[in-house]
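Working notes, structure below.
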Amino acid sequence: MRSTQVGNVLIEWLGHAGFILKGQGRVIYIDPYVLPDSSGHEDEADIILLTHEHFDHCNPESIRKVRGSTTTTLIPENMSLQFKGDARRIIEGDLLTGDLAIKGVNIEVVPAYNLDKPNHPRGEGVGYIVELDGVRIYHSGDSDLIPEMKDVDADVVLLPISAPFTMDESEAADAAVLIGPKIAIPMHYGLVEGTEADPQRFKELVNEKAPGIEVIILQDH
């Protein structure tokens, strides 16, 4: 199973940290590193959200395949990649909600960074909270368990579990408990060298610490 339905929102895992969110009549891609095998038949994006510039999150070839003439792309301010068309630079703390919503979709830009690793210093990347049809979905980006997560209000959390680049399974479970969503989905493992991790261990730890949170493990094949 690559996807799950939450209310009226379809959440599809593309593998690694890539997702498609469909709801409210919109198609939103987050970090499209790899695309489904039906290459050339991808749904065109209404919105693309990029968390940071590392190759496994910002793949120009994949972005070109799903980006149309009316697509809005949100890009962290310090990314060097240049885009034509509707490309908007964002920083953590931006609230694209209400009158500032993107195509009617409320989006909050939140911090994402490592605490004790050099891979993702603060300011180079972001996470996002996307609200579709009343469902709030948090994509943490490449982050450790950071203090700002206590302020995240989300129904669904997408959390990386592949130390040493991000949280490991235990830290991600603690993040899920701290946030308290209805659903937690592990990501950022198994596709790129060095991201081996055990989603079942993440699920067991969440079940042990917060049995009210449903863990859904999506398969990338």
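The values are calculated or read from the model by the stated rules, or taken from the named source; none is laboratory data. Bear in mind the structure is a predicted one, so any value in this text is a computation, not a measurement. No Cβ is skipped: glycine too gets one built from the backbone with ideal geometry, and neighbour counts run over all protein chains shown.
Filtering the stretch 125-163 to residues that are among the charged types (D, E, K, R) and either at pLDDT 95 or above or touching a strand residue (DSSP E or B) at 6+ places or on another chain (Cβ under 7 Å) (or both) leaves Glu131, Asp133, Arg136, Asp142, Glu148, Lys150, Asp151, Asp153, Asp155.
Out of the residues in the stretch 191-220 that are in contact with a Gly (Cβ under 8 Å, 6 or more places away or on another chain) and either within 19 Å of Leu35 (Cα to Cα) or part of a strand (DSSP E or B) (or both), which is modelled with the highest pLDDT? Ranking the qualifying residues of the stretch 191-220, first place goes to Leu191. Under the condition of being more than 19 Å from the chain's Cα centre (by Cα) and in contact (Cβ under 8 Å) with a residue 12 or more places away in the chain, which residue from the stretch 84-97 is nearest to Gly25 (Cα to Cα)? Within the stretch 84-97, the match that is nearest to Gly25 (Cα to Cα) is Asp86.
Please determine whether any residue of the stretch 98-117 is aromatic (Phe, Trp, Tyr), surrounded by 14 or more Cβ atoms within 10 Å (Cβ to Cβ), outside any strand (DSSP E or B) and in contact (Cβ under 8 Å) with a residue 24 or more places away in the chain. Yes, the conditions are met somewhere in the stretch 98-117.
Condition check ((1) farther than 27 Å from Ala163 by Cα; (2) out of contact with any helix residue (DSSP H, G or I) (no Cβ under 9 Å at 6 or more places or on another chain); (3) aromatic (Phe, Trp, Tyr)) across all residues:
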| site | (1), (2), (3) |
| --- | --- |
| Pro32 | no, no, no |
| His57 | no, yes, no |
| Ile63 | no, yes, no |
| Arg67 | yes, yes, no |
| Glu77 | no, yes, no |
| Glu92 | no, no, no |
| Leu95 | yes, yes, no |
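Yes/no per residue for (1) assigned to a loop (DSSP other than H, G, I, E, B); (2) at pLDDT 85 or above; (3) among the hydroxyl-bearing types (Ser, Thr, Tyr):
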{"position": "Ile48", "(1), (2), (3)": "no, yes, no"}
{"position": "Glu53", "(1), (2), (3)": "yes, no, no"}
{"position": "His57", "(1), (2), (3)": "yes, no, no"}
{"position": "Ile63", "(1), (2), (3)": "no, yes, no"}
{"position": "Ser69", "(1), (2), (3)": "no, yes, yes"}
{"position": "Leu74", "(1), (2), (3)": "no, yes, no"}
{"position": "Asn78", "(1), (2), (3)": "yes, yes, no"}
{"position": "Leu81", "(1), (2), (3)": "yes, no, no"}
{"position": "Lys84", "(1), (2), (3)": "yes, no, no"}
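Scanning the stretch 61-82 for residues that are exposed (fewer than 12 other Cβ atoms within 10 Å of the Cβ) and closer than 24 Å to Glu108 by Cβ yields one hit, Thr70.
All conditions in (1) touching a residue at least 40 places away in the same chain (Cβ under 8 Å); (2) surrounded by 14 or more Cβ atoms within 10 Å (Cβ to Cβ) hold for Ala154, with the sole exception of (1).
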